[in-house]
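The values are calculated or read from the model by the stated rules, or taken from the named source; none is laboratory data. None of these values were measured; they are calculated from a predicted model. Neighbour counts run over all protein chains shown; Cβ positions are idealised from the backbone, glycine included.
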Amino acid sequence: MTGYYKEPGPKLDRESPFESMMERFRFAADILQLDDGLFQYLASPVKQVIVSIPVVMDSGKIQVFEGYRVIHDNVLGPSKGGIRFAPDVNLNEVKALAAWMTWKCSVVNVPFGGAKGGVRCNPKELSLGELERLPRRYTANMLEVFGPDRDIPAPDMNTNEQVMAWIMDTYSMNAQRTEKAVVTGKPIILGGSQGRKEATGRGVVTVTLAALSKLGMMPNKVTVAVQGFGNVGSVSANLIYEQGARVIAISDVSGGYYNKNGIDIPAAIEYQKNNNNSLEGLPGTESISNEELLELDCDVLIPAAKEDQISRHNASKIKAKVIAEGANGPVTANADAILDKKGIMVIPDILANAGGVTVSYFEWVQDRQGYFWTEERVNRRLNRMMRDAFDNVYGVAEKHQITLRQAAYFYSIDKVAATLKMRGIYA
Ligand code: NAD
């Protein structure tokens, strides 16, 4: 299911996912000269829970699944993070993704810690009834972990707003009251937020505009290329188009579409809708490959499809002045240094695509208030938080002469560490 915000994690090294997350953490910890004790504290998850989930299958037989929830940290507030259903999900992966959520919430000043959950199952093999009983029993087993003041799940890989509705209902039945704020990513009718669907793309454009302003470039004078035309890519393309930018190329799995005079993005969205969700044959454009799109002569490049698109093989050919990572991990670690040398400003995923988690936070606030905001209010507040987050990270990058990616980790780890120091260690 696509078309709305999930809390997806970065691509991790399959062999040692926790280690690949720790590399970035160590780099920032080094510059911060983080005290050994704090380092140990922040490198260790607060809680790791493994549960067995018995489910009565349609055949009448019982099948037992393994479920996980890891709370990496709850220093800034209750922990937050998605739940994924996948055949190969494991504790080590969930641990790494939970830590990643800590840094992501911190960088945009969302007052949440990081968590992640998973159930080892193949959702494609489950009937609708089994798919409902599984998260309900998982939730029942996690009643002491979840809670609007403790730990707040959200959708991730293979879970969606319906699964969130079942989790909310199971938790509420046990609490004997309706507790909407226990999960985010719910349908609007159950307390979801306006503007959540577009939140990630909107955040991408807010930070892109902030970057352009630092570079003294006017949005209505720039050219843009966007890779991927799903939730993040199409919303980003449309919003930057509305700012007067010339979007010269867009793409999806069917290939890239180029027009040096600019593509009419609302028309492309309409075309895609009526063309089996594909851009194939987009009128008024020339076909190019997804690889060519990345190397186009343009001012802004928004990779919003998948990971590992800009690597050491093509980094030296990138001509954009700003890259805003809509996707998770579209620039590989070894491409970072090449882009930096070329003076290209890369707005890292942890910041650029954090609009979704920000509106998740708004959803939680609205559920707790029992007062729901207009879309206009959600967007205004989202823009402000993303803009502030960009300015904070930019300030750190300038001060320490490091890249925005390094600065984003530096900023978020520093904030969690400072809060932890202030709270002290409860004995
Ligand atoms: P989506 O499924 O809605 O869209 C993906 C788009 O990428 C589609 O247009 C698809 O055709 C295209 N695509 C797939 N493979 C491609 C390829 N090889 N070359 C070019 N295009 C290709 O997904 P989405 O929700 O827009 O997510 C895109 C990326 O952003 C993912 O990395 C995701 O983890 C990340 N992300 C999404 C959100 C969110 O709110 N949806 C939040 C944070 C990060």
- Task: Looking only at segment 342-350, decide whether some residue is touching a strand residue (DSSP E or B) at 6+ places or on another chain (Cβ under 6 Å), touching a residue at least 40 places away in the same chain (Cβ under 8 Å), surrounded by fewer than 22 Cβ atoms within 10 Å (Cβ to Cβ) and closer than 22 Å to Val235 by Cβ.
- Result: yes
- Task: Report yes if some residue within segment 29-36 is surrounded by fewer than 19 Cβ atoms within 10 Å (Cβ to Cβ), at pLDDT 90 or above and among the β-branched types (Val, Ile, Thr); otherwise report no.
- Result: no
- Task: Looking only at segment 290-302, decide whether some residue is buried (at least 21 other Cβ atoms within 10 Å of the Cβ) and either farther than 29 Å from Asn383 by Cα or among the β-branched types (Val, Ile, Thr) (or both).
- Result: yes
- Message: I'd like the full set of residues that are without any contact (Cβ under 8 Å) to a residue 40 or more places away in the chain and not in a helix (DSSP H, G or I), limited to segment 115-131.
- Response: Asn122, Leu126
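Okay, residues lined up against (1) under 18 Å from Ile323 (Cβ atoms); (2) at pLDDT below 95; (3) among the polar types (S, T, N, Q):
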{"site": "Lys186", "(1), (2), (3)": "no, no, no"}
{"site": "Ser193", "(1), (2), (3)": "no, no, yes"}
{"site": "Gly201", "(1), (2), (3)": "yes, no, no"}
{"site": "Thr206", "(1), (2), (3)": "yes, no, yes"}
{"site": "Met218", "(1), (2), (3)": "no, no, no"}
{"site": "Val222", "(1), (2), (3)": "yes, no, no"}
{"site": "Phe229", "(1), (2), (3)": "yes, no, no"}
{"site": "Ser234", "(1), (2), (3)": "no, no, yes"}
{"site": "Gly244", "(1), (2), (3)": "no, no, no"}
- Query: Tell me, which helices (runs of 4 or more DSSP H) wholly within segment 325-427 include 1 or more residues that are away from the ligand (no atom under 16 Å from the Cβ)?
  - Reply: 333-341, 355-369, 375-400, 404-423
- Any idea which residue in segment 223-254 is surrounded by the fewest Cβ atoms within 10 Å (Cβ to Cβ), counting only those that are closer than 20 Å to Ile318 by Cα and out of contact with any strand residue (DSSP E or B) (no Cβ under 6 Å at 6 or more places or on another chain)? Asp252
- Task: Can you give me the number of residues within segment 300-319 that are among the hydrophobic types (A, V, I, L, M, F, W, C) and more than 22 Å from Gly203 (Cβ to Cβ)?
- Result: 2
- Task: Looking for whichever is surrounded by fewer than 22 Cβ atoms within 10 Å (Cβ to Cβ) and within 22 Å of Lys80 (Cα to Cα) here; the options are Arg312, Arg368. Which one fits?
- Result: Arg368
- Message: Tell me the residue from Glu325, Glu286 that is touching a residue at least 12 places away in the same chain (Cβ under 8 Å), over 14 Å from Tyr257 (Cβ atoms) and among the charged types (D, E, K, R), please.
- Response: Glu325
- Query: If you check Asn174 against the conditions, is it surrounded by fewer than 22 Cβ atoms within 10 Å (Cβ to Cβ) and within 15 Å of the ligand (Cβ to nearest atom)?
  - Reply: no
- Message: Could you tell me how many of the residues in segment 399-427 are of a type outside the set (Gly, Ala, Ser), under 15 Å from Ala28 (Cα atoms) and over 18 Å from the mean Cα position of the chain (by Cα)?
- Response: 9
- Of the conditions (1) part of a loop (DSSP other than H, G, I, E, B); (2) modelled with pLDDT under 90; (3) within 20 Å of the chain's Cα centre (by Cα), Glu23 fails just one. Which one is it? (1)
- Hits in segment 272-284 - residues which are surrounded by fewer than 18 Cβ atoms within 10 Å (Cβ to Cβ) and touching a strand residue (DSSP E or B) at 6+ places or on another chain (Cβ under 8 Å): Ser278, Glu280
- Note on the structure: When segment 144-170 is checked residue by residue, the ones that are among the hydrophobic types (A, V, I, L, M, F, W, C), closer than 19 Å to Gly113 by Cβ and assigned to a loop (DSSP other than H, G, I, E, B) are Val145, Phe146
- Message: With the requirement that a residue be in a helix (DSSP H, G or I), out of contact with any Asp or Glu (no Cβ under 8 Å at 6 or more places or on another chain) and hydrophobic (A, V, I, L, M, F, W, C), what does segment 171-189 give you?
- Response: Met173, Ala175, Val182, Ile188, Ile189
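Residue-wise test of (1) within 17 Å of the chain's Cα centre (by Cα); (2) on the phi > 0 side of the Ramachandran plot; (3) among the aliphatic types (A, V, I, L, M).
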{"position": "Ala354", "(1), (2), (3)": "yes, no, yes"}
{"position": "Tyr361", "(1), (2), (3)": "yes, no, no"}
{"position": "Asp367", "(1), (2), (3)": "no, no, no"}
{"position": "Trp373", "(1), (2), (3)": "no, no, no"}
{"position": "Arg377", "(1), (2), (3)": "no, no, no"}
- Item | Of residues in segment 78-114 being assigned to a loop (DSSP other than H, G, I, E, B) and in contact with a Gly (Cβ under 6 Å, 6 or more places away or on another chain), the one surrounded by the most Cβ atoms within 10 Å (Cβ to Cβ) | Phe112
- Task: Kindly indicate whether any position in segment 48-68 is of a type in the set (D, E, K, R) and either part of a helix (DSSP H, G or I) or under 23 Å from Ile350 (Cβ atoms) (or both).
- Result: no
- Just need a number here: residues in segment 132-143 that are surrounded by fewer than 21 Cβ atoms within 10 Å (Cβ to Cβ), part of a helix (DSSP H, G or I) and free of Cβ contacts under 8 Å to residues at least 40 places away in the same chain. 3
